[in-house]
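Chemist: The structure under discussion is supplied below as structure tokens; questions concerning it will follow.
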Amino acid sequence: MVFRSEEMCLAQLFLQSGSEYDCISELGELGLVEFRDLNPSVSSFQRRFVSEIKRCEEMERILGYLLREIQKANIAVPEEDESPLAPPPRQVLEIMEQLQRLEMELSEVAKNKEKLRRNLLELTEYTHMLKITRTFIHSRSRHEALGPQYEEFPTMETDSVSGCTGMQRLGAKLGFVSGLIQRVKVEAFERMLWRVCKGYTILSYAEVDENLADLDTGEISKSVVFLISFWGDQIGQKVQKICDCYHCHLYPHPENDEERADVLDSLRTRIQDLNNVLHRTEEYLRQVLQKASESAYTWVVQVKKMKAIYHILNLCSFDVTNKCLIAEVWCPVSDLANLRGALEEGSRKGDATVPSFVNRIPSNDTPPTLLRTNKFTSGFQSIVEAYGVGDYREVSPAPYTIITFPFLFAVMFGDLGHGMVISLFALWMVLTEKKQNKKRSSNEIWTTFFNGRYIILMMGLFSVYTGLVYNDCFSKSLNIFGSGWSVKAMFTNQNKTLQTNALLTLDPNFSGVFSGPYPFGIDPIWNMAVNRLSFLNSYKMKMSVVIGVVHMSFGVVLSVFNHLHFRQKFNVFLLFLPELLFLLCLFGYLVFMIFYKWLAFGARDSSQAPSILIHFINMFVMQGKDITPLYPGQMGLQIFLVIIAMLSVPVLLLGKPLYLYWLYRGGKGLRRRRGYERVRRVSEDDNSTAPSYEDDEEEGVDEVTNREFDFADVLLHQSIHTIEYCLGCISNTASYLRLWALSLAHARKFSTNNQFTLSFLCSNATLC
Amino acid sequence: MAVIYFTGHFNVDHGYLEGLVRGMKAGILTQADYHNLAQCDTLEDMKLHLQSTDYGKLLSSSEEDLSVSLVDSKLRENLVTEFSCLRSNALPPLSTFLDYITYGYMIDNVVMLITGALKQRDVAELLPRCHPLGGFDQMAAVGIARTPTELYSAILVDTPLAPFFQDAVSDSNLDEMEAEILRNKLYKAYLESFHSFCKKMSGATGDIMCPVLEFEADRRAFIITVNSFGTDLSGADRSSLYPACGKLYPDGLRLLALAEDHEQVKAVASCYTDYKAIFEDPEPGSEFKSFEDRFFEQEVKLNILAFLQQFHFGVFYSYIKLKEQESRNIVWIAECVTQRQKSKIHNYIPIIQ
């Protein structure tokens, strides 16, 4: 972690054609530079390396298909620890070929398998149909066998028979359509059949006991076997159409029982054969996938890197001779040597005759902010970034956050036991981080915790510390050093008082009762005291204000470093000083009063101790002659401080705008531009070869921006800043009281929890 | 009171879906996207560009070569996926509302199947061309019917379209003209029913949906009139096809029934401020746009308005319509790109400026 963001410079890379791919690959592995888009006007599909990117996308598509198949077959894809480098361009074709071959093979096998599976399903359905329709026919024939017993209707019978024969003579014959339909559609199917054919059909159906997979979708569902018998071709066509519409699977209906048995027999053998073949196909498919899965991970990473490289190359522009690519990058100054090394390495790999090289070029653009982080600081940096990223070379607040963030948390969470639990949890995450990193969990909540493991660890450790200070361990006190209070001295021979009174007040004025402060933290005897809460509240409230004011002043002081670094000395006087005065005169004085009260009033005169709040309010209304002052000359000092604070507000509001206005009107300024001019003069000498295509233009732009000065704009910004700062000081001080409030809430919550669980356990025990 | 009740409890049942549909609306292509798409030289370029939008990998995951029809079917598939996601999560009355949206597509499908059957086309060939939003089980059997009565009593009586058949039942043989009339009759009944359904809905749904449906009804009336010129459809026949829930009802419709050429239609439209601009002659210098296109433009405008209010169902209807328009735009651009008609490429209808 550094004090400021890294110093950056704009550099031009001249990448010789032929080795540009290797160079970018090297740079990508290092992750040193940020590329600038040199052809923003060219749309993304008219750039130079679009065809290569398309090829990469094609490969990604095949890989996606491959991975899906591998996942379907339940084969694990082994991941390697090191990510493979981007493949050299000549190897790309090889990978491409391999992938295409694999895809073809796979799709062929998959297609075959699909066909076989479908076949098998059809045959199974057919068998089911045959088995079930046999029962239909049989029940009907049994019905017919019963027929003659109904002596009452012989004429009808013969009538219908003769009718049939009559129709048969006309060329119509009894037709059967049989097949399978999904269970859910049966009712609608039957209804429509009835409506369309006006009842000239007989439909019988029965459910298949087994669940069959659907031919097209592969969904497992209940099916129903049906048999429709009808008269005549006309109705037959309609029936056929209706069957089509309900996606029935139709199978030929056998003429008689012998044929049925034959078909069933042949079906059985064919199903067996198919099962065999299907099994073998699946095995083969598995083998192919197994082989593919071994290199799948490498391929995925390689293709991704390749695509990234071509995207970067698309950002580069060509020089006039088309001999080399020009890229513009932002690079940390300290890494220029590494950059050169990487380019050399890249040119060597690409077998280029002319090496690629780097040129620093001057620029007036604000460079990007680079803050280097490691696994410890990255969590804190991301907390800071949640509020905003600092400007280039601004003081980075992240290093201080490492202490303040966990500390402020711990002030609220102060409990030895809970802190211990948290730190152990975080410690476990830290120790197993390598293993966890590999798992790449996609659980959002878990990754949040895991990424913040160092923050949590720090928070836990700080909580342990504050827990010790508060003397709280699972909201019970620890008596390590022995309490400094003793009631013994008060009641040596009046045992009666001791026995009859439930509550006793320890009077520190009585010699022997208070033998000295507890060596570290709060005396454990407070845990038993009735007025524990009011004591801790007063203590924590004051502590919160002290911490808050110190914290805020620290932040204000940090801004000095920014002002000095950017050579804006006037800001120190016109911004920093009034800000600090305002804060310290009001709230710094409050802190002073807190300390003064702690120091000036002992146990003996504690009854005369004044209320700081009253004094602070009186300070603002400039009254209070009727109450005794804390110290001589208090009134005078307070009035002086309030006046200073009030005076610093107009300075803060108007100082900077007026000064800038004065500068603009010809005042002799603190030369800010000097620095830039010097840099330019120096760099222009060694950059004579670099194309100076933008230099002149930029100079002009710079001039204009420097000249233009909008007083209203500056004043508006400054007034916003002033209001924000002054209100912020007041409301933030109040907000820091939340430290106390949350700390109180935490402690109270767990002590009541303890009470409840304990009393619950006790009552349970008595019940038993 | 009812309004308060409705808005107060809206989010309990429909808040999730409303949020969802608003999120999806944010993915509708903007003017900048269209601008980029219009610059493409091949479908591959378009694919590349669409990847950077919410469509993502929609086109790139297909193995076949790109063609306009593939683009069209993929876009339609995408819309259907989104719609079915909404529909399967919907609670009544939103589910009824969403069903209403599909009925329009169902009517189109039925009519298409009938005309297909008249031309002796195979059902299997016709089915993939039906709009999947209007799919229903009995669809394939539509070709069996010979008369509207048969169609109704045998096949469609079980479908949600059945109530719309009240006026459409007739025993005349189905031919192409009759199928077209059937479509318009069904549509009339559908629009009127949808309109009264929306009107009954408390809250903003009625306020938002009624103008949209009224516009739709009037548009149909205009288009029926214009298309009937030169056919043997009499004015009285025509007037029985006009949906009676639009702004034109009743006076405008009566005038439309009497109209006999384009000029007279224009005269009717000029009485209504909303439609006046649509039939006006284009200003010299500006590109010519057919009045159908102008109707589309107007529709897009109305649908965009639906997103200005909260706690109503109009957003669902509007989203589907906007997305449909977007599909039409993309397909139009794709057609222009493949046929190298760069000059016409800008005739799409921009949705979000």
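The values are calculated or read from the model by the stated rules, or taken from the named source; none is laboratory data. These numbers were taken from a predicted model, which means no experiment stands behind them. Virtual Cβ from ideal backbone geometry, glycine too; neighbours counted across all protein chains shown. The protein model used for the area step is the full one, side chains on, heavy atoms only, and it has no ligands, DNA or RNA in it. Shrake-Rupley method; radii C 1.70, N 1.55, O 1.52, S 1.80 Å.
Chemist: Among the residues of the range B:296-313, write down those that are over 14 Å from B:GLU216 (Cα atoms) and either open to solvent by less than 50 Å² (accessible area, probe 1.4 Å) or among the basic types (Lys, Arg) (or both).
Modeler: Within the range B:296-313, B:ILE304, B:ALA306, B:PHE307, B:HIS312, B:PHE313 qualify.
Chemist: Are any residues in the range A:208-253 within 21 Å of A:THR133 (Cα to Cα), of a type in the set (Gly, Ala, Ser) and free of Cβ contacts under 8 Å to residues at least 60 places away in the same chain, and if so, which ones?
Modeler: A:SER221, A:SER229
Chemist: Do we have A:ARG36 as among the charged types (D, E, K, R) and either buried (at least 18 other Cβ atoms within 10 Å of the Cβ) or more than 30 Å from A:LEU371 (Cβ to Cβ) (or both) here?
Modeler: No; evaluated as a whole, the condition is false for this residue.
Chemist: Would you point out the residue of the range A:224-270, among those that are buried (at least 18 other Cβ atoms within 10 Å of the Cβ) and aliphatic (A, V, I, L, M), that is nearest to the other protein chains (Cβ to nearest Cβ)?
Modeler: Once the filter is applied, the top-ranked residue is A:ILE242.
Chemist: With B:ALA141, B:ALA154, B:ALA179, B:ALA168 as the choices, which residue is in contact with a helix residue (DSSP H, G or I) (Cβ under 6 Å, 6 or more places away or on another chain), surrounded by 16 or more Cβ atoms within 10 Å (Cβ to Cβ), part of a loop (DSSP other than H, G, I, E, B) and among the aliphatic types (A, V, I, L, M)?
Modeler: Checking each option against the conditions leaves just B:ALA168.
Chemist: To continue, here is another question. Residue under question is B:HIS49, and the condition is that it be outside any loop (DSSP other than H, G, I, E, B), within 13 Å of chain A (Cβ to nearest Cβ), in contact with a Leu (Cβ under 8 Å, 6 or more places away or on another chain) and not acidic (Asp, Glu); does it hold? Step through it out loud before you land on a result.
Modeler: On the way: outside any loop (DSSP other than H, G, I, E, B): yes; within 13 Å of chain A (Cβ to nearest Cβ): yes; in contact with a Leu (Cβ under 8 Å, 6 or more places away or on another chain): yes; not acidic (Asp, Glu): yes.
In short, yes.
Chemist: Here's something else I'd like to know. Considering only residues that are of a type in the set (D, E, K, R) and surrounded by 13 or more Cβ atoms within 10 Å (Cβ to Cβ), which ones fall in the range B:224-238?
Modeler: B:ASP237, B:ARG238 - these are the residues of the range B:224-238 that are of a type in the set (D, E, K, R) and surrounded by 13 or more Cβ atoms within 10 Å (Cβ to Cβ).
Chemist: Mind checking which residues of the range B:201-223 are crowded, with 22+ Cβ neighbours inside 10 Å and β-branched (Val, Ile, Thr)?
Modeler: Within the range B:201-223, B:THR205, B:ILE208 meet the criteria.
Chemist: Report, by residue number, each residue of the range A:7-30 that is part of a loop (DSSP other than H, G, I, E, B) and either open to solvent by less than 30 Å² (accessible area, probe 1.4 Å) or within 17 Å of A:CYS316 (Cα to Cα) (or both).
Modeler: Within the range A:7-30, A:SER17, A:GLY18, A:SER19 meet the criteria.
Chemist: Still on this model: Pull up the range A:31-55, narrow it to residues that are assigned to a loop (DSSP other than H, G, I, E, B) and of a type in the set (Ser, Thr, Tyr), then point me to the one that is farthest from the other protein chains (Cβ to nearest Cβ). Show your work before the answer.
Modeler: At the first step, the residues of the range A:31-55 found to be assigned to a loop (DSSP other than H, G, I, E, B) are A:31-33, A:36-43, A:47-49.
Applying the additional criterion that residues be of a type in the set (Ser, Thr, Tyr) yields A:41, A:43.
Details: A:SER41: 12, A:SER43: 6 Å.
Among them, the one singled out is A:SER41.
Chemist: Does the range A:298-311 contain any residue that is over 30 Å from A:GLU328 (Cα atoms), within 48 Å of the chain's Cα centre (by Cα) and surrounded by fewer than 20 Cβ atoms within 10 Å (Cβ to Cβ)?
Modeler: yes
Chemist: While we're looking at this one, here's another question. When both residues are 6+ apart or on different chains and their Cβ atoms are under 9 Å apart, which pairs have a first residue that lies in the range B:30-59 and is open to solvent by 60 Å² or more (accessible area, probe 1.4 Å), and a second that is assigned to a helix (DSSP H, G or I) and among the polar types (S, T, N, Q)?
Modeler: Within 9 Å, the pairs are B:GLN39/A:GLN46; B:ASP41/A:GLN46; B:SER52/A:SER44; B:SER52/B:ASN36; B:LYS57/B:GLN51.
Chemist: Quick check on B:ASP72: is it open to solvent by less than 40 Å² (accessible area, probe 1.4 Å) and either assigned to a helix (DSSP H, G or I) or on the phi > 0 side of the Ramachandran plot (or both)? Steps first, answer last, please.
Modeler: Details: open to solvent by less than 40 Å² (accessible area, probe 1.4 Å): no; either assigned to a helix (DSSP H, G or I) or on the phi > 0 side of the Ramachandran plot (or both): yes.
Taking the combined requirement at face value, the residue does not satisfy it.
Chemist: Name the one entry in A:ARG55, A:ARG48 that is closer than 27 Å to B:THR53 by Cα, open to solvent by 70 Å² or more (accessible area, probe 1.4 Å), touching a residue at least 60 places away in the same chain (Cβ under 8 Å) and charged (D, E, K, R).
Modeler: A:ARG48
Chemist: Looking at the range A:382-393, which of its residues are open to solvent by less than 60 Å² (accessible area, probe 1.4 Å) and more than 20 Å from the chain's Cα centre (by Cα)?
Modeler: If the condition is that a residue be open to solvent by less than 60 Å² (accessible area, probe 1.4 Å) and more than 20 Å from the chain's Cα centre (by Cα), then A:GLY390, A:TYR392, A:ARG393 are the ones that fit.
Chemist: Take the residues of the range B:116-131 that are within 23 Å of B:ILE101 (Cα to Cα), part of a helix (DSSP H, G or I) and open to solvent by less than 70 Å² (accessible area, probe 1.4 Å): which is nearest to the other protein chains (Cβ to nearest Cβ)?
Modeler: The qualifying residue nearest to the other protein chains (Cβ to nearest Cβ) is B:LEU127.
Chemist: Filter the range A:591-617 for residues that are in contact with a Phe, Trp or Tyr (Cβ under 9 Å, 6 or more places away or on another chain) and modelled with pLDDT under 85 and give the result.
Modeler: Residues satisfying the conditions are A:ALA603, A:GLN608, A:ALA609, A:PRO610.
Chemist: Listed residues A:SER363, A:SER295; which is polar (S, T, N, Q) and assigned to a helix (DSSP H, G or I)?
Modeler: Answer to the check: A:SER295.
Chemist: Taking A:GLY379 as the residue in question, decide whether it is over 30 Å from A:PRO88 (Cα atoms), of a type outside the set (Val, Ile, Thr) and surrounded by fewer than 18 Cβ atoms within 10 Å (Cβ to Cβ). Please lay out each step first, then the result.
Modeler: Details: over 30 Å from A:PRO88 (Cα atoms): yes; of a type outside the set (Val, Ile, Thr): yes; surrounded by fewer than 18 Cβ atoms within 10 Å (Cβ to Cβ): no.
So A:GLY379 fails the test.
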